[in-house]
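Asks: For reference, the structure I am asking about is given below.
The values are calculated or read from the model by the stated rules, or taken from the named source; none is laboratory data. Source: prediction; values computed, not measured. Cβ placement follows ideal geometry from the backbone for every residue including glycine, while neighbour counts extend to all protein chains displayed.
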Amino acid sequence: MRVIDNQGLETPEQRLGARLSRRSSAEVLQDRLMQQESANLEEAFTHLRDSGALVEAAGIIVAARRRFIIGLGKSAGYAALIAADLQTSLSRVTLIDGASVRPVDVLAEVGDSDALVAFSFRRYREDTIRIVREFATAGGHVVLITDTEHNPAADSAEQVVVVPTASESYADSATAVAAASLILSTLVTASAKGARRRMETRSHIAERLGLYHHQEGHL
């Protein structure tokens, strides 16, 4: 498979022109996308296994008294995903969404027992970079999930988790990012004290509130 220049094409329109300009049937394009996604995922797993970054990141999150999650732009989806998973097994997990929870309010109270999980992918949001730096300066521990160790916020992070996002699409791949987030949240849950009890309590509450559809005969 040919190598995709993931860093040379900064904007979606540049990637659209470079990768999808040639005429292809839907089936051919689909195969190209699937092959690249498979290769990207394999590369990500190999790198993450060898680096031990996810294991180290999980340790930081578990050890923290309070955990904050942030991602802006497209990365907001990644942040919401891992926040939802971590909130089922851990207490004091807060998604910084800029509305109900603002960065300035969090940064005003950061302590050395707090951790921030920050998602930052190209074209690297300046506000995310500044928030990471301020959080670290205040004494907090930062886990940065990004696509390159050269991310401007990497110097302020205690642990950098690099996830490749090469793609045949006009959009950078989210496949490995989602997979890495799942593995990280699972590692955290497996190590967190009281995770099972918390999950059981939430399930009982959800059942009493009737939050989810129940169909007889189905698990």
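Asks: Could you go through the range 90-103 and let me know if any residue there is part of a helix (DSSP H, G or I), crowded, with 18+ Cβ neighbours inside 10 Å and more than 13 Å from the chain's Cα centre (by Cα). Before you say what the answer is, go through the steps one by one.
Replies: First, pick out the residues of the range 90-103 that are part of a helix (DSSP H, G or I): 103.
Filter once more, keeping what is crowded, with 18+ Cβ neighbours inside 10 Å: 103.
With the extra rule that they be more than 13 Å from the chain's Cα centre (by Cα), the set shrinks to 103.
Scanning the range 90-103, I find at least one residue that is part of a helix (DSSP H, G or I), crowded, with 18+ Cβ neighbours inside 10 Å and more than 13 Å from the chain's Cα centre (by Cα), so the answer is yes.
Asks: Write out, first by first residue and then by second, each pair whose Cβ atoms fall under 7 Å of each other, whose residues are 6+ apart or on separate chains, and whose first residue, in the range 31-58, is under 17 Å from VAL143 (Cα atoms) while the second is of a type in the set (S, T, N, Q) and not in a helix (DSSP H, G or I).
Replies: Close Cβ pairs satisfying both conditions: ALA53/GLN159; GLU56/GLN159; ALA57/GLN159.
Asks: Just to check your reading of the model, which residue among ALA153, ALA138 is surrounded by 20 or more Cβ atoms within 10 Å (Cβ to Cβ), within 22 Å of ALA64 (Cβ to Cβ) and among the small types (Gly, Ala, Ser)? If you could, list the steps in order and put the result at the bottom.
Replies: Details: ALA138 fails: surrounded by 20 or more Cβ atoms within 10 Å (Cβ to Cβ).
The conditions single out ALA153.
Asks: Let me ask something else about it. Looking at the structure I just gave you, is ILE145 surrounded by 20 or more Cβ atoms within 10 Å (Cβ to Cβ), at pLDDT 95 or above and part of a helix (DSSP H, G or I)?
Replies: Details: surrounded by 20 or more Cβ atoms within 10 Å (Cβ to Cβ): yes; at pLDDT 95 or above: yes; part of a helix (DSSP H, G or I): no.
Taking the combined requirement at face value, the residue does not satisfy it.
Asks: Keeping to the range 150-191, report how many residues are small (Gly, Ala, Ser) and either modelled with pLDDT of 95 or more or within 15 Å of the chain's Cα centre (by Cα) (or both).
Replies: Going residue by residue through the range 150-191, those that are small (Gly, Ala, Ser) are 153-154, 156-157, 166-167, 169, 171, 173-174, 176, 178-181, 185, 190-191.
Still in the list and also either modelled with pLDDT of 95 or more or within 15 Å of the chain's Cα centre (by Cα) (or both): 153-154, 156-157, 173-174, 176, 178-181, 185.
Of the residues in the range 150-191, 12 are small (Gly, Ala, Ser) and either modelled with pLDDT of 95 or more or within 15 Å of the chain's Cα centre (by Cα) (or both).
Asks: Considering the range 11-39 alone, what residues qualify as being at pLDDT below 55, farther than 20 Å from PRO164 by Cα and not in a loop (DSSP other than H, G, I, E, B)?
Replies: Answer for the range 11-39, where residues must be at pLDDT below 55, farther than 20 Å from PRO164 by Cα and not in a loop (DSSP other than H, G, I, E, B): just GLY17.
Asks: Among the residues in the range 61-82, are any more than 15 Å from ALA178 (Cα to Cα) and without any contact (Cβ under 8 Å) to a residue 12 or more places away in the chain?
Replies: No, the range 61-82 has no match at all.
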